[in-house]
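Enquirer: Handing you this structure, nothing more for now.
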Amino acid sequence: TDWLEAYATREDFDDIQRAFDSLDTSVLDTGPAFIAKQFDFTYSDGLDFVQGLKDSGGWQAVNAAYENPPLSTEQILHPARYPGDAPQVVAKIVFTGTLGSEWREVDSGVLGELYTRFVLEEQVPAEDAAQAAAGWGGDAYVVSYNESTGQTAMAVRLVWDTPRDAEEFARIFDDYNRQRFGGDSFLFSGATCAQGDALSCLAFAGSETLWVLGPDEETVSIIFGLFPG
């Protein structure tokens, strides 16, 4: 962008515009929305992050970020939190042997603030999703699959900056849950739940929340049993 502003000719800009106009985005347009959102994040929030570094410290600050890169999407979304606000490390969740031999882990990792926001945006307004995710401090998730029944179970443990952030997330998540599964929320195993083709429950205490998704009450109850207190 800096080079274009300093040296590009009108012909250069016309060539760039023609290239954009000729792009075929049909595959992207028919794919999951979060894939397109990831691209948008890179080119919008990513640009803003780097521009902020350059504005405050020149290219030297940008170069330094390659030696000390951001540790979370939170630091990109909120540049003031870079580099001081490192994400909290949440221990990996393990289902192995708990749900039964027919279950196998298919995915685990960290959602981060960005993907937490993306999940909520599936069912609630984008501004509510951003507000709910903004207090993110760290997380860990795991997903398991039952080969014989085709069922899925998931747990996401989220640590928030403050108890108020956890409570705010829980409030907006209840909207997400009811929109996704329909009906009124209800209490089960100390958590607020909604049920449709699966049982989805969220419990929170202090600055932590635990989201458990499973095919039935027995499975969800077993998973909650892995997190005493």
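Enquirer: Does the stretch 109-132 include one or more residues that are more than 20 Å from the chain's Cα centre (by Cα), surrounded by fewer than 18 Cβ atoms within 10 Å (Cβ to Cβ), at negative phi and not in a strand (DSSP E or B)?
Expert: Step one: list which residues in the stretch 109-132 are more than 20 Å from the chain's Cα centre (by Cα), which gives none.
Within the stretch 109-132 (the criterion being more than 20 Å from the chain's Cα centre (by Cα), surrounded by fewer than 18 Cβ atoms within 10 Å (Cβ to Cβ), at negative phi and not in a strand (DSSP E or B)), the answer is no, since none of the residues qualifies.
Enquirer: Sticking with this structure for a sec: Go over the candidates THR96, THR73 one by one and state the one that is more than 25 Å from ILE172 (Cβ to Cβ) and of a type in the set (Ser, Thr, Tyr).
Expert: THR96
Enquirer: So is GLY58 at pLDDT 95 or above, more than 28 Å from GLN123 (Cα to Cα) and out of contact with any Phe, Trp or Tyr (no Cβ under 8 Å at 6 or more places or on another chain) or not? Break it down into steps so the answer makes sense when it comes.
Expert: Working: at pLDDT 95 or above: yes; more than 28 Å from GLN123 (Cα to Cα): yes; out of contact with any Phe, Trp or Tyr (no Cβ under 8 Å at 6 or more places or on another chain): yes.
Yes.
Enquirer: Then there's this: Does the stretch 160-175 contain at least one residue that is part of a strand (DSSP E or B), out of contact with any Pro (no Cβ under 7 Å at 6 or more places or on another chain) and not basic (Lys, Arg)?
Expert: Keep residues of the stretch 160-175 that are part of a strand (DSSP E or B), which gives 160.
Within this subset, residues satisfying the condition of being out of contact with any Pro (no Cβ under 7 Å at 6 or more places or on another chain) are 160.
Those left that are additionally not basic (Lys, Arg): 160.
Within the stretch 160-175 (the criterion being part of a strand (DSSP E or B), out of contact with any Pro (no Cβ under 7 Å at 6 or more places or on another chain) and not basic (Lys, Arg)), the answer is yes, since at least one residue qualifies.
Enquirer: Also, quick follow-up: Name the one entry in ASP184, ASP197 that is part of a loop (DSSP other than H, G, I, E, B), closer than 27 Å to ILE35 by Cα, open to solvent by 50 Å² or more (accessible area, probe 1.4 Å) and not polar (S, T, N, Q).
Expert: Details: ASP184 fails: closer than 27 Å to ILE35 by Cα.
Result: ASP197 is the single residue among ASP184, ASP197 that is part of a loop (DSSP other than H, G, I, E, B), closer than 27 Å to ILE35 by Cα, open to solvent by 50 Å² or more (accessible area, probe 1.4 Å) and not polar (S, T, N, Q).
Enquirer: Considering only residues of the stretch 138-188 that are among the charged types (D, E, K, R) and more than 30 Å from ARG81 (Cα to Cα), which is nearest to the chain's Cα centre (by Cα)? Show your work before the answer.
Expert: The initial filter retains those residues of the stretch 138-188 that are among the charged types (D, E, K, R), namely 139, 147, 157, 161, 164-165, 167-168, 171, 174-175, 178, 180, 184.
Add one more test, that the residue is more than 30 Å from ARG81 (Cα to Cα), and what stays is 147, 178, 180, 184.
Details: GLU147: 27, ARG178: 19, ARG180: 17, ASP184: 25 Å.
My answer is ARG180.
The values are calculated or read from the model by the stated rules, or taken from the named source; none is laboratory data. Every value quoted in this text rests on a predicted model; they were computed, and no experiment measured them. We place every Cβ from the backbone using ideal geometry, glycine too, and count neighbours over all the protein chains shown. Heads up: the accessible areas ignore ligands, DNA and RNA and are worked out on the full protein's heavy atoms, side chains in. Shrake-Rupley method; radii C 1.70, N 1.55, O 1.52, S 1.80 Å.
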